[in-house]
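Values quoted throughout were computed directly from the atomic coordinates according to the rules given, and no laboratory measurement underlies them. Bear in mind that the values here come from a model prediction, so they are computed numbers and not experimental data. Note: ideal-geometry Cβ built from the backbone for every residue, glycine included; neighbour counts use all protein chains shown.
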C-alpha cells in the first residue's frame, strides 16, 4: 500500500504548484487554526493564503476543496486569495481572517532548477 | 437544521441548469445578451455552491452578485491543477484569461458597475458616456469575445465539468490533480 503523504508535504506541494501555474502570485502562506501547529493537526484542512495582484480586493473569501486520493491529495484544502493591499491590511489587523485563523509560515517559490528537475 | 452540503448541491444544480439552458440558446442562435445572462447566473451559482460548502450563510450569498471574479479563477485553477512541474505551467495562459473573463462575467450583472465605469450589462438598458441609450440586445459584449475562441470553449467545458462533479458527487469538488476528468478537456 503506498505511503500517504504528510500534511505538511501536501501543503508545500499545493503551494509550489500554485506558484508555478500562476507566476503572478506574490506570496503564499499557511493559515493556521487555533491550536494548529505547522499543519500537524490531521483533522484540519490545509489552508493557504495567497497574495495575488490579479484578484479583486473584495474581502476574505475562503474556498473549500475536498480531498482527492487519486492525486495524492488526501486532505481537504481551503484557499484564500487576497490582493496585496488586503494582505497589508491583514498584517495591520485592519482586516480579519475568519475562524480565528492566523498567518503561519511562508512557502517558498520553487527555483527554476527545482522546476527543471520535475 | 439544513446542512451546508444540501445548500451547496442546490446551488450547483441551478448552475448546471443555467449552463444547459445557455448551451441550448447558443445552439439556437439566440441573442448574445440572453446567452450571457445565463452564463453570468451559472457562474454566480457555481461560486456560491463553493462558498456554501465552506459554511457561508445562504441568506448572505443571495444578497450579492460580486463573487465571481474572486472565486471562479481559484475554482478553475483547482480543477486544472496537475501538480508541480511543466504540466502545471501549461495552464498559466489559460488561467490568466480565466481571471479576465471572470471579471467580465461578474460585470454582466446590472448591480455590478465597477464604480459607475461599467454600466453595460446583459439585462437592462443603460446610457453610455455620450448619452446614447443602449439595450443589451444591441451590445456586442467585447469582453466576452474570448468565449468564441477555442480557449473560451475550454473554459465553458471546464465549468460544465465542475458543476457535473458537484451535483454528481454531492459534495464540494475535489482537487482532481493529474487524474481529474478535467484533464481531458485540454
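Angle between the Cα long axis of helix A:7-21 and the longest principal axis of chain A, 0 to 90 degrees, nearest 10? In chain A, helix A:7-21 runs at an angle near 70 degrees to the longest axis.
The order of A:111, B:30, A:77, B:53, going from fewest to most other C-beta atoms within 10 Å of their C-beta, is A:111, B:30, A:77, B:53. Helical runs assigned H by DSSP (4 residues or longer) give chain A a calculated mean residue ellipticity at 222 nm of -7000 deg cm²/dmol, each run adding -39500 (n - 2.57) before division by the residue total.
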